[in-house]
1. When you go through Asp134, Asp149 one by one, which is the residue that is charged (D, E, K, R), exposed (fewer than 14 other Cβ atoms within 10 Å of the Cβ), more than 52 Å from the chain's Cα centre (by Cα) and at pLDDT 60 or above?
2. Within the set of pairs 6+ apart or on separate chains, which have a first residue in segment 262-288 that is free of Cβ contacts under 8 Å to residues at least 40 places away in the same chain and within 16 Å of Arg202 (Cβ to Cβ), a second that is part of a helix (DSSP H, G or I) and small (Gly, Ala, Ser), and C-beta atoms under 6 Å apart?
3. Within segment 135-194, which residues are out of contact with any helix residue (DSSP H, G or I) (no Cβ under 8 Å at 6 or more places or on another chain) and aliphatic (A, V, I, L, M)?
4. Cβ-Cβ below 6 Å, separation at least six or inter-chain, first residue in segment 135-162 and in contact (Cβ under 8 Å) with a residue 40 or more places away in the chain, second of a type in the set (Ser, Thr, Tyr) and part of a loop (DSSP other than H, G, I, E, B): which pairs?
5. Taking interchain pairs and intrachain pairs at least six residues apart, which have beta carbon atoms under 6 angstrom, with the first residue in segment 172-184 and part of a helix (DSSP H, G or I) and the second of a type in the set (Ser, Thr, Tyr) and surrounded by 20 or more Cβ atoms within 10 Å (Cβ to Cβ)?
6. Among residues belonging to segment 208-241 that are closer than 13 Å to Ile196 by Cβ and not hydrophobic (A, V, I, L, M, F, W, C), point out the one that is surrounded by the fewest Cβ atoms within 10 Å (Cβ to Cβ).
7. Gln122: at pLDDT 95 or above, surrounded by fewer than 20 Cβ atoms within 10 Å (Cβ to Cβ) and either outside any loop (DSSP other than H, G, I, E, B) or touching a Gly at 6+ places or on another chain (Cβ under 9 Å) (or both), yes or no?
Amino acid sequence: MNKDKRKHRYVEGLGILIIMLALVRCAFPGISTQPVAQVSEAVDSLKADTVITAQTEVPTEEPAPKPDNQVPETKPVPETKPVPETKPVTTRYLADGQRPHRIKSVPSYLRAFPDSQTVQLQAAQYWGVKPVKDRLDAENRKSELVYVDCSPYYYIDPLHSSIPYLVPRAAILLQDIGQAFFDSLQVKGVPLHRFIVTSVLRSQVDVAKLRQYNPNATEQSCHLYGTTFDICYNRYKTVEDPEGPRRREVRNDTLKFVLSEVLNDMRQNGRCYIKYEVKQGCFHMTVR
């Protein structure tokens, strides 16, 4: 059924085409006399013209001219944050142009200065004098003892339970510690201070009185022999120039660090035995 319809439509179309060709021939009778080659050449020429026209007549877009008064476009400058002003790093130097030495102190006071009462008592009995009975007895034994007073290097606290006498060996040790402390302060750039001696020679009467209110005081005190003295580590005397500017304040801990270095050197060199007293706030030492 479908095939018959297709054939019928094909025949109808073919018939219509033939009729149209016949009408064209009737309207233009000369068309049939043109050679086939001319018709083919005309068709090729028409194609070539069409191709050339397509290649040459394509309009190209030209940029529009800019007006003379137009301001050139500028890109915005990114905002920059102001750099904070930094102070120049200054290096502190000593008067002789040298940089100050570092303050190291000791790792532990208790471990650096562990010498017990027993150890110090043996040295005191070996290097010292026989125990002094009272102050009058001390005055009568000046051939064995040396009077010690305030020095440019150290300060003697007002003494209530001891008297300012030491055996010559201990007096030299005290003087050497004071000088070494001053030298160390200078090379480290720390203002000069004097350490404070809080206890020196004790008579038997002084020890008896002291034991009445100080439970830590012992009857066999090393101070009886003139070989032992105490240096306070939490108080110092500032060395001031009366006519010069006032010195800057220094923390006592800083001075304690420097003093501990000096005392540690003295102990390592075999000059003395030292006990770090926590409750009394002092370095308790006996000459060797």
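1. Working: Asp149 fails: more than 52 Å from the chain's Cα centre (by Cα).
Asp134 is the lone residue from the list that is charged (D, E, K, R), exposed (fewer than 14 other Cβ atoms within 10 Å of the Cβ), more than 52 Å from the chain's Cα centre (by Cα) and at pLDDT 60 or above.
2. Hits for this filter: zero, empty list.
3. Leu136, Ala138, Ile156, Leu159, Ala171, Ile172, Leu174, Val187 - these are the residues of segment 135-194 that are out of contact with any helix residue (DSSP H, G or I) (no Cβ under 8 Å at 6 or more places or on another chain) and aliphatic (A, V, I, L, M).
4. From segment 135-162, no pairs qualify.
5. Gly178/Tyr154
6. Residue satisfying both the conditions and the ranking: Asn234.
7. Values: at pLDDT 95 or above: yes; surrounded by fewer than 20 Cβ atoms within 10 Å (Cβ to Cβ): yes; either outside any loop (DSSP other than H, G, I, E, B) or touching a Gly at 6+ places or on another chain (Cβ under 9 Å) (or both): yes.
Yes; evaluated as a whole, the condition is true for this residue.
The values are calculated or read from the model by the stated rules, or taken from the named source; none is laboratory data. Not measured: the values here are computed from a predicted model. Backbone-built Cβ (ideal geometry, glycine too); neighbour counts: all protein chains shown.
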